[in-house]
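The values are calculated or read from the model by the stated rules, or taken from the named source; none is laboratory data. Everything quoted here is computed from the prediction, not taken from an experiment. Because the Cβ atoms are built from the backbone with ideal geometry, glycine has one as well, and the counts that use them run over all protein chains shown.
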């Protein structure tokens, strides 16, 4: 999308499809660990903010800029565990053992 912008109609469609995404607390914590420590591109002295702090004025501006609808997580649901999301449960029936199992997410059921 270099040098191009999405139309308002396309942006509205993309926004609407992302509103129904459920973020689990486990997933959110994994995102934070994805590039942590030495794996992070700004690890140590490479960071442009190394040894600096935002002023109170800047911190206030950032806080105001990310409140309400401007917050990326605005309108999304955060669920504490996979079992809390009843609509995502998957029922698996094992024909060999004649056994029924209910999983809280699809990734757990894929290994069976």
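Mind listing just one residue for me: the one in the stretch 2-13 that is on the phi < 0 side of the Ramachandran plot and exposed (fewer than 10 other Cβ atoms within 10 Å of the Cβ) and, of those, modelled with the lowest pLDDT? Only one residue tops the list, namely 2.
Per-residue answers, yes or no, for (1) modelled with pLDDT under 90; (2) out of contact with any helix residue (DSSP H, G or I) (no Cβ under 8 Å at 6 or more places or on another chain); (3) surrounded by fewer than 11 Cβ atoms within 10 Å (Cβ to Cβ):
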{"residue": "17", "(1), (2), (3)": "yes, yes, yes"}
{"residue": "24", "(1), (2), (3)": "yes, no, no"}
{"residue": "39", "(1), (2), (3)": "yes, yes, yes"}
{"residue": "59", "(1), (2), (3)": "no, yes, no"}
